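First comes the structure, then the notes that go with it.
Laboratory data are not the source of any read-out in this text; all were calculated from the coordinates shown. Small disclaimer: the values here were computed from a predicted structure and weren't measured. Counting neighbours? That spans all protein chains shown, and the Cβs are built from the backbone with ideal geometry, glycine included.
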Amino acid sequence: MSNIKKAFERGKAFIAFLTCGDPDLETTAGAVRAAVENGADLIELGIPFSDPTAEGPVIQEANVRALKGSITTDKIFDFVRELRRDIKVPMVFMTYANVVFSYGAEKFISTCREIEIDGLILPDLPFEEKGEFQPLCSQYGVDLISLVAPTSENRIAMIAKEAEGFLYIVSSLGVTGTRSEIRTDISSITDVVRQNTGIPCAVGFGISTPEQARSMAALSDGAIVGSAIVKLLEQYGREAPKYIGEYVKSMKEAMVSPIKN
């Protein structure tokens, strides 16, 4: 069984995204621990890239800050090794195909296995081109996580049938970032997903409030939050872990509480 499934075993999963090294790895570690202590079921770690095409301004700027701080993939690998001393929830990397290619795909993916990274999200990797990485991910037991978007339409079933770990449902067109309202018909997407796979699905892009987290979790198996957490890091810097813990607790509590009529 994929280790990622453990994140969904106790009900709706809250997935927290953080950019590694923003503002430094010590703060990232504190934020990860605060998130887990307050209910995060899975941690998504962003490996900074100079051209993060799926990201909105908030996470783009986090990438810039981390890169200016001389973050490297090797430093992030060592950071995860240290985290794994006490963090037991599933963890995945989110980065871009060029990061994996430039490091060396087999070296990158085999190291993921060694440091207990459970999955890999590459938002710029088209489903039709996942053969570039799928064999290595299968060889080393790292789930290559697929994404579906509102524009996927008749491709959703095809993508779902081959999904691993969990299926990442992109809630809105465009890049990451908080949104005041999510208008996509998520239920129609999850209906197709559930007709074609038993793999859990979680919704991301635009979720920032407890009400949004509750409504998206009601339609899927979990909610993914990134920009709202990264905003706290931007606002509070090294003091952010405390505020991130409080925020994650409020989001998780909203997801597991019944919806009031």
Across the alpha-carbon set of region 214-261, Rg over Rh with Rh taken as the Kirkwood radius works out to 1.06
Footprinting exposure proxy for 93, 133 (fewest neighbouring C-beta atoms within 10 Å first):
133, 93
DSSP-assigned coil residues among chymotrypsin sites (Phe, Trp or Tyr not before Pro) in region 12-88, each with at most 11 further Cβ atoms within 10 Å:
none
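Can you give the Rg/Rh ratio of region 114-175, where Rg is from the C-alpha atoms and Rh is the Kirkwood radius?
0.97
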With the cut-off at 1.5 for a/c, could you classify region 99-239 from its C-alpha gyration tensor as rounded, prolate or oblate?
oblate
Convex hull around the C-alpha positions of region 7-65: the volume in Å³ per residue is 84
Listing 208, 187 from the residue with the fewest other Cβ atoms within 10 Å to the one with the most, what is the order?
187, 208
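Among 96, 236, what is the fewest-to-most ranking by other Cβ atoms within 10 Å?
236, 96
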Whole-number D in µm² s⁻¹ for region 8-255, Kirkwood Cα-pair radius fed into Stokes-Einstein, 37 °C, 0.692 mPa s
184
Which of rounded, prolate, oblate describes region 42-142, given a ≥ b ≥ c as roots of the alpha-carbon gyration tensor eigenvalues and a/c under 1.5 marking rounded, otherwise prolate only if a/b is larger than b/c?
oblate
Per DSSP helix of 4 or more residues, -39500 (n - 2.57); summed, then divided by the residues of the chain. What does that give at 222 nm, rounded to the nearest 500?
-13000 deg cm²/dmol
